[in-house]
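Have a look at the structure below before the remarks.
The values are calculated or read from the model by the stated rules, or taken from the named source; none is laboratory data. These numbers were taken from a predicted model, which means no experiment stands behind them. Every residue, glycine as well, gets a Cβ built from its backbone with ideal geometry; the counts of neighbours run over all protein chains shown. SASA here: full protein model, heavy atoms, side chains in, ligands and nucleic acids out. Shrake-Rupley method; radii C 1.70, N 1.55, O 1.52, S 1.80 Å.
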Amino acid sequence: MLDKNELMMIGIDGGGTHTRGAIYKGKNLIAQTKSGTTRIGAVGVGESSERTLNVIIELCKKAEVDTNEIDAIVVGVAGVWLEEEKKRSQNLIRTLARGQKVTINDLMVTSDAEIALQGAYGDDDGIIIIVGTGSISLGKFGKNIIRCGGWGIELDDEGSGAWIGREGLTAVVRAIDGRGNKTILIDKLSELYPTINLNEPRTIVKAYAERAFEYQMLTPFVMDAAKNGDEVCLEIIQRAALRLIELPKAIRTKTGNKTVKLALLGGIIEANTLLKEILETEIKKDKGFELIEPKGTPIDGAIYLANKMIEQDIE
């Protein structure tokens, strides 16, 4: 008879900024790790798969177990949604593992948003908003999953860390041109990045093109400026909250439910930012949402799915 307390599972949450991983033996956490992003849009599918494999190997080293002792691995990766994308990442991780003579048993690659949804609600129904480098909302109603947002910063991701940083940068260049109100971000930008010379404003474009910074790196400074009374930055944060609440509203219209549970997740939420405060205030004004704390983390969702994989294998 299968002893669930002896099962070993790995859950990995590959977000847009950080990748977190954990090994569980039964219900007991025995090792965890944190590393850089595995988001495919940022590093490519090959680098993402290699980094994911490194997380698996690092976890096993910390837990002092061999990879072939792991019964199931579930990986949630930012930027993965289509089945063909999931299979491609899954197959590449296995190929890289074979090349390093690393044994991997059951492996599932899915979206980081899906493991977050599973972690937040378990078997219950509800909606999540994830606010990190990107933004997305997912709703789970029975076996149906409804998605809204998450198109990437090139097309959308309104209200996200990257979007806030980009809006802050846009506010800077508008102010320099005289098209917009002055913001303290102008001086902050040149202070942070010495290659930017405000007497030659086009050096801002050069610094961005040379990847001296990325949009989301500016977000904390937009938040701080907003807190310190910068009206331009405060307007950006307020606008971000309004854009974010549009996501679950769009999902709710497809459910027919009058009141829906809603949980907030992601790095910007975990950091208890000004955006979280404003967003929660806006949500509470809407009687169609019941704002709740998520039951668990994305890692919890990955481990839940790993357990399901094992149960299906023994049926």
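With coordinates expressed along the principal axes, the C-alpha atoms belonging to the stretch 218-290 extend over 41, 22, 17 Å, beginning with the largest. What separates the Cα centres of the stretch 32-111 and the stretch 153-176 is a distance of 32 Å.
In the full protein context, the stretch 209-315 carries 54 Å² of accessible surface per residue, based on a 1.4 Å probe and ignoring ligands, DNA and RNA. Counting only Cα atoms, the size of the stretch 1-114 along its three principal axes is 41, 26, 24 Å, in decreasing order.
Highest GNM mean-square fluctuation among PRO298, PRO201, PRO220, for the chain modelled with Cα contacts below 10 Å: PRO201. Taken per residue, the accessible surface of the stretch 1-108 reaches 52 Å², heavy atoms only and a 1.4 Å probe. Rounded to a whole number, what is D in µm²/s for the stretch 164-315 from Stokes-Einstein with the Kirkwood radius over alpha-carbon pairs (10 °C, 1.306 mPa s)? Stokes-Einstein gives a translational diffusion coefficient of 87 µm²/s.
When the P(r) of the stretch 51-115 is calculated, the portion above 14 Å amounts to 56% of the C-alpha pairs. Expressed in units of 2.2 N^0.38 Å, where N is the residue count, the Cα radius of gyration of the stretch 266-315 is 1.69.
Among the trypsin sites (Lys or Arg not before Pro) within the stretch 200-294, which fall in a DSSP loop and have no more than 14 other Cβ atoms within 10 Å of their own Cβ? Kindly include the intermediate steps, with their values, before the conclusion.
Numbers: sites: ARG202, LYS206, ARG211, LYS227, ARG239, ARG243, LYS249, ARG252, LYS254, LYS258, LYS261, LYS276, LYS284, LYS285, LYS287; in loops: ARG202, ARG211, LYS254, LYS258, LYS285, LYS287.
Passing sites in the stretch 200-294 are ARG202, ARG211, LYS254, LYS258, LYS285, LYS287.
Suppose we keep just the DSSP beta bridges with both residues in the chain; what percent of those would be antiparallel, to 5? Write down the numbers at each step before the final one.
Details: 28 of 48 bridges.
Of all bridge pairs located within the chain, approximately 60 percent are antiparallel.
Placing +1 on the Cβ of every Lys and Arg and -1 on the Cβ of every Asp and Glu, with nothing else charged, gives the chain a dipole about its Cα centre of roughly 400 debye. Per residue, the convex hull spanned by the Cα atoms of the chain measures out at 146 cubic angstrom.
Using only side-chain charges placed at the Cβ, +1 for Lys and Arg and -1 for Asp and Glu, the dipole size of the stretch 185-315 relative to its Cα centre rounds to 580 debye. Taking one quarter of the surface of the C-alpha convex hull of the stretch 61-169 gives a mean projected area of 9.1 nm². Note on the stretch 142-187: along the principal axes its Cα atoms extend 52, 16, 13 Å, ordered by decreasing extent.
Rounded to the nearest percent, how much of the accessible area of the stretch 1-54 (1.4 Å probe, protein heavy atoms only) is carbon and sulfur? Mind dumping the intermediate values first?
Values: 1220 of 2670 Å².
Result for the stretch 1-54: 46 percent of the exposed heavy-atom area is carbon or sulfur.
Identify which of GLN238, GLN118, GLN100 has the largest mean-square fluctuation in a Gaussian network model of the chain, with springs joining Cα atoms closer than 10 Å. Fluctuation is largest for GLN100.
Which whole-number percent gives the relative contact order of the chain, counting Cα pairs below 8 Å spaced six or more residues apart?
Numbers: 598 pairs, mean separation 62.9, N = 315.
With pairs under 8 Å counted, the relative contact order is 20 percent.
Summed over qualifying helices (DSSP H, 4 residues or more, each -39500 (n - 2.57)) and divided by its residue number, the chain shows a 222 nm mean residue ellipticity of -15500 deg cm²/dmol. When a 1.4 Å probe is rolled over the protein heavy atoms, the share of accessible surface on the stretch 195-270 that falls to carbon and sulfur comes to 49 percent.
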